[in-house]
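Working notes for the structure below.
The values are calculated or read from the model by the stated rules, or taken from the named source; none is laboratory data. Everything numeric here is computed off the predicted structure, so don't read it as measured data. Please note: Cβ atoms are built from the backbone with ideal geometry, for glycine as well, and neighbour counts cover all protein chains shown. Note: areas computed on protein heavy atoms with side chains; ligands, DNA, RNA excluded. Shrake-Rupley method; radii C 1.70, N 1.55, O 1.52, S 1.80 Å.
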Amino acid sequence: HVTFVPSFTAEQHLALLAACLVVLYTPQDEHFGIVPLEGMAAGRAVVACNSGGPLESIVDGQTGFLCEPTPEAFAGAVQQLLDDTSKGGKMGQDARVHVQSNFSRSAMGAALAGVVLDVVSNSSKEE
């Protein structure tokens, strides 16, 4: 069953993520994109194009699938999750851990702090 909901509230957004088996993210060559992170943070596997931002956020075969931008590729990835719902559940669990470890506020803050410290350290060496 597929439902297209063009506009929804924050509460509906959370309910939709909780009710779905998988999050599909179809843009090609899209910037980083928050949708895959939201899906993974909700414990859902994400199926996305193998280009752009999803290459940085999705671990192919572990937190979801990165696909060629064709209906057949997306259908094949979704079919794998429909055929083996435990696989989708495991991917969703791994996706949540992946987002918390790499994209949470604390993880991003630590990465930013590391970059700032490197810049400061390198600039003091140049003086």
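Restricted to segment 60-78, and to residues that are hydrophobic (A, V, I, L, M, F, W, C) and in contact with a strand residue (DSSP E or B) (Cβ under 9 Å, 6 or more places away or on another chain), which residue is farthest from residue 29 (Cα to Cα)? Looking at residues that are hydrophobic (A, V, I, L, M, F, W, C) and in contact with a strand residue (DSSP E or B) (Cβ under 9 Å, 6 or more places away or on another chain), I get 78. Only a single criterion out of (1) of a type in the set (A, V, I, L, M, F, W, C); (2) open to solvent by less than 70 Å² (accessible area, probe 1.4 Å); (3) in a helix (DSSP H, G or I); (4) in contact (Cβ under 8 Å) with a residue 12 or more places away in the chain is not satisfied by residue 66, namely (3).
Checked across segment 41-58, the condition of being more than 15 Å from residue 103 (Cα to Cα) and free of Cβ contacts under 8 Å to residues at least 24 places away in the same chain holds for at least one residue. Determine whether segment 112-127 contains at least one residue that is within 19 Å of the chain's Cα centre (by Cα), of a type in the set (Gly, Ala, Ser) and not in a strand (DSSP E or B). Within segment 112-127, not a single residue is within 19 Å of the chain's Cα centre (by Cα), of a type in the set (Gly, Ala, Ser) and not in a strand (DSSP E or B). Somewhere in segment 72-79, is a residue open to solvent by less than 40 Å² (accessible area, probe 1.4 Å), in a helix (DSSP H, G or I) and free of Cβ contacts under 8 Å to residues at least 24 places away in the same chain? Yes, segment 72-79 has at least one match. Taken over segment 85-108, the criterion of being more than 19 Å from residue 55 (Cα to Cα), surrounded by fewer than 13 Cβ atoms within 10 Å (Cβ to Cβ) and without any contact (Cβ under 8 Å) to a residue 40 or more places away in the chain is satisfied by 86, 105, 106.
Among the residues of segment 4-54, which ones are touching a Cys at 6+ places or on another chain (Cβ under 9 Å) and either in a helix (DSSP H, G or I) or open to solvent by 70 Å² or more (accessible area, probe 1.4 Å) (or both)?
Quick first cut of segment 4-54, residues touching a Cys at 6+ places or on another chain (Cβ under 9 Å) only: 25-30, 39, 42, 44, 47-50.
Passing the criteria: 26, 28, 29, 39.
When segment 57-116 is filtered for residues that are touching a helix residue (DSSP H, G or I) at 6+ places or on another chain (Cβ under 7 Å) and hydroxyl-bearing (Ser, Thr, Tyr), the ones remaining, listed by number, are 57, 63, 101.
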